[in-house]
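Undergrad: Right, I'll just put the structure down here and ask away after.
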Amino acid sequence: MVTITVAGGCFWCVEAIFQDLKGVSQVVSGYTGGQVPNPTYEEVCAGTTGHAEAVEITFDPKVVSLKDILRIFFTTHDPTTLNRQGNDYGTQYRSAIFPRTPDQKRAAIEVIEEITKEKVWRGRIVTSIEPLRTFYKAEDYHQNYFKRFTDPSYTGRDNMNAGYCQFIIAPKVAKFRQKYADKLKK
């Protein structure tokens, strides 16, 4: 198993995409890239910690390659907007890759070059490649957020951000499932 850490806006969205991907065994939402130890969600949202909302994706490279993970990452969020995804703005929502090895860094650079050459996006890709220092797991209520929201038997649903789930995450997940139908878990 291999783990890579990426940030592409709200971690609820990124988590929801990769949980559906064949070969992915775990997706953990959290914070990384900043200078404050053990940050809280409120601190990260305030934009004062330097951390990005990020996810750790653990996957089997025999089932899904690192480059496929990165291609999906680059096509399921807008990597051309600096410190912003939709209405979420600030460095905590930056597009970033936090490689754990030189091979992961090299793969990230190669995929950025491929996506740029293919002109997948009109604008220039501004995704940063940053050293992974420490990944801090987000509070439990952030884990499996969209999955819990879509589970009709989940009793805490009334306390969730229903508007964000319905109007931001659900369309992203639907678009991903359509585009990558052959790569979804059964």
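Undergrad: Could you list, in sequence order, all residues of the stretch 149-164 that are part of a helix (DSSP H, G or I) and farther than 15 Å from residue 16 by Cα?
TA: The initial filter retains those residues of the stretch 149-164 that are part of a helix (DSSP H, G or I), namely 149-150, 157-159, 162-164.
Hits for the stretch 149-164 are 157, 158, 159, 163.
Undergrad: Within the bounds of the stretch 28-44, is there any residue that is closer than 17 Å to residue 169 by Cβ and either surrounded by fewer than 19 Cβ atoms within 10 Å (Cβ to Cβ) or of a type in the set (Ser, Thr, Tyr) (or both)?
TA: The answer is yes; a qualifying residue exists.
Undergrad: For the stretch 94-111, what are the residues that are part of a helix (DSSP H, G or I) and under 22 Å from residue 133 (Cα atoms)?
TA: Matches in the stretch 94-111: 102, 103, 104, 105, 106, 107, 108, 109.
Undergrad: Answer yes or no as to whether residue 120 is touching a Ser or Thr at 6+ places or on another chain (Cβ under 7 Å), at pLDDT 95 or above and not in a helix (DSSP H, G or I).
TA: Considered against the rule, which asks whether it is touching a Ser or Thr at 6+ places or on another chain (Cβ under 7 Å), at pLDDT 95 or above and not in a helix (DSSP H, G or I), residue 120 comes out as no.
Undergrad: Could you look through the stretch 173-185, keep only residues that are touching a residue at least 12 places away in the same chain (Cβ under 8 Å) and under 18 Å from residue 24 (Cα atoms), and pick out the one that is surrounded by the most Cβ atoms within 10 Å (Cβ to Cβ)?
TA: In this case the residue turns out to be 176.
Undergrad: Confirm whether residue 101 is β-branched (Val, Ile, Thr) and without any contact (Cβ under 8 Å) to a residue 40 or more places away in the chain. Steps first, please.
TA: Numbers: β-branched (Val, Ile, Thr): yes; without any contact (Cβ under 8 Å) to a residue 40 or more places away in the chain: yes.
Criteria met by residue 101.
Undergrad: Also, quick follow-up: Looking only at residues in the stretch 78-116 that are in contact with a His (Cβ under 9 Å, 6 or more places away or on another chain) and hydroxyl-bearing (Ser, Thr, Tyr), which one is surrounded by the most Cβ atoms within 10 Å (Cβ to Cβ)?
TA: Within the stretch 78-116, the match that is surrounded by the most Cβ atoms within 10 Å (Cβ to Cβ) is 95.
Undergrad: Being in contact (Cβ under 8 Å) with a residue 12 or more places away in the chain and touching a strand residue (DSSP E or B) at 6+ places or on another chain (Cβ under 6 Å) narrows it down to one of 107, 54, so name that one.
TA: Result: 54 is the single residue among 107, 54 that is in contact (Cβ under 8 Å) with a residue 12 or more places away in the chain and touching a strand residue (DSSP E or B) at 6+ places or on another chain (Cβ under 6 Å).
Undergrad: Okay, next question. So, of the residues in the stretch 9-26 that are at pLDDT 95 or above and not hydrophobic (A, V, I, L, M, F, W, C), which turns out to be surrounded by the fewest Cβ atoms within 10 Å (Cβ to Cβ)?
TA: Among them, the one singled out is 25.
Undergrad: Quick one: is residue 44 free of Cβ contacts under 8 Å to residues at least 40 places away in the same chain, of a type outside the set (S, T, N, Q) and under 16 Å from residue 134 (Cα atoms)?
TA: No.
The values are calculated or read from the model by the stated rules, or taken from the named source; none is laboratory data. Predicted, not measured: the structure shown is a model, and the values here were computed from it. Please note: Cβ atoms are built from the backbone with ideal geometry, for glycine as well, and neighbour counts cover all protein chains shown.
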